[in-house]
Amino acid sequence: MNETDAPTGRPTPTGRPTPAGPSASAGPSAPTPVRAPRVHYAWVVAGVALLVLLGSAGFRSTPSLMMDALHTEFGWSMGTISAATSVNLTLYGLTAPFAAALMDRFGVRLVVVCALLTISVGAGLTMLMRQPWQLMLCWGVLVGLGSGSMAGAFATTITGRWFRARQGLVTGVLTAAGAAGNLVFLPLGAWLVEQHGWRTAVVVVSLAASAVAVPVLLLMRERPADLGLLPYGATEPPPAPVGGDRALARSLRVLREAARTRAFWLLAGSFAICGATTAGLVGTHFIPAAHDHGMPVTTAASLLALIGVFDVIGTVASGWFTDRLDAGLLLIVYYALRGLSLLVLPQLFAGSLEPPILAFVIFYGLDWVATVPPTVALCRRHFGEDAPIVFGWALACHQIGAAVVAGLAGFARDALGDYDLAWYTAGGLCAVAVLLCLALRERGPEGGRERTAAVVS
């Protein structure tokens with residue numbers, strides 16, 4: 001059955017309502033049915049979201065490329081530079097739950113455009129800095145606030161509003177955009193820093209952030225109902241959006257209710273470890289750690305970008321698995337494999353590209369943010385319509401974990417002369433994440449008081 005001859009009054013599998021039976025064509029005065037578009041507009045919105053997340057990831061990756069250049073030019077220690085990255089990661093996380101509520105109140109398009117322009121201003125002003133506090137203000141505060149407004153809560157909002165079918169797959173694709181953004185920006189940024197200086201790299205970031213705002217303004221729509229559509233794969237209209245709360249009040253209300261549940265703390269704790277072992281440690285310090293072993297910055301940046309290649313594969317596959325397998329079990333497997341890979345990493349670094357470090361890049365890349373689709377699925381399972389905001393708070397914990405480790409690893413490098421302790425500690429944290437996910441599986445979504453508290457509106 002094709003999309004234009006579905007039974008009377010019933011939406012098609014892609015979520016588009018169809019003309020109502022014979023009466024739609026009876027008589028000369030009957031209106032001519034409008035042919036439904038072949039491509040559901042949900043895919044256009046997902047494409048714009050993909051572009052936004054690609055850019056956002058690339059913008060966030062720039063500080064790791066500048067660490068050695070800033071150390072050389074200004075004499076700032078790795079700990080000082082890492083502190084600015086910690087501010088960025090913290091605000092990135094703390095902004096996410098409020099951004100989800102702001103999107104509900106003011107619209108996705110307005111929030112995302114303002115976020116992109118904030119990144120553009122923050123990156124542009126970095127050219128003028130002379131003191132460490134200016135780095136923290138520009139790259140830490142402004143870029144952190146801007147990128148946080150387009151964090152995982154943005155992807156969760158898009159998939160929750162526009163998709164009923166393929167939610168896990170689309171979440172995986174949008175999450176993988178972060179890795180793909182690194183794939184594009186890391187080699188380019190490393191080349192710009194090496195050939196033309198770090199100031200050229202931040203100018204490119206500033207201009208790119210402004211350019212990405214254009215398709216958001218032209219193509220982004222808020223909800224399928226704005227175009228007379230149902231969400232992709234829906235067979236009935238979704239519930240009316242919750243309104244009336246101010247963004248701050250709603251975000252705090254959802255946090256208060258979620259914090260009464262055991263599931264929230266298990267998800268938040270494991271996701272904090274996820275952030276600590278990815279964005280906080282590998283994303284921030286892999287390049288300088290490889291450089292410590294004699295590897296050129298451009299080679300190390302290319303390896304980090306290659307992690308992004310395999311992350312795209314791993315995260316999309318994780319979304320596919322999440323639609324079919326138990327999300328809690330997937331998280332246990334992902335954290336266990338990640339911990340093992342981090343424990344062996346210190347023995348793999350070398351001054352040139354060798355097979356062992358390449359094997360790590362492939363293995364670790366497949367696992368990089370594969371945790372996001374099952375974590376989003378568990379948020380939906382436990383918290384229903386509040387899932388985007390709950391995931392925003394879980395993402396805040398993710399980024400706080402990342403911020404703490406980004407700063408501590410930098411200071412450990414200054415004190416010990418290498419990053420070995422940081423890698424071993426990260427491997428141990430992954431074992432803790434496995435235990436948290438085991439506890440979450442033992443207490444399912446039908447867990448009495450937790451389930452009741454989670455769905456209070």
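The values are calculated or read from the model by the stated rules, or taken from the named source; none is laboratory data. Note that the coordinates shown come from a computational prediction; the quantities given were computed from them, not determined experimentally. FYI the Cβ positions are ideal-geometry reconstructions off the backbone, even for glycines, and counts take in every protein chain you see. Each accessible area value is taken on the protein alone, full model and side chains, heavy atoms only, with ligands, DNA and RNA left out. Shrake-Rupley method; radii C 1.70, N 1.55, O 1.52, S 1.80 Å.
Remarks
- Nonlocal amide H pairs with residue 232, under 5 Å, H built at 1.01 Å: 163, 164
- Positive contributions from Lys and Arg (+1) and negative ones from Asp and Glu (-1), summed over other residues with Cβ under 15 Å from the Cβ of residue 172, come out at 0.
- Shape call, the range 176-326: gyration tensor on alpha carbons, a/c limit 1.5: prolate
- Overall form of the range 335-420 per C-alpha gyration tensor (a/c, 1.5; a/b vs b/c): oblate
- Fraction of accessible area attributable to carbon and sulfur, the range 170-321 (%, probe 1.4 Å): 68
- Note on the range 85-227: along the principal axes its Cα atoms extend 49, 28, 27 Å, ordered by decreasing extent.
- For the range 243-336, the fraction of C-alpha pairs farther apart than 17 angstrom is 68 percent.
- Net charge dipole size for the range 250-336 [Lys, Arg +1 and Asp, Glu -1 on Cβ; Debye, nearest 20]: 540
- Percentage of interatomic Cα-Cα distances in the range 164-240 larger than 18 Å: 63
- Whole-number D in µm²/s for the range 334-383 (Stokes-Einstein; Kirkwood sum over Cα pairs; 4 °C, 1.567 mPa s): 104
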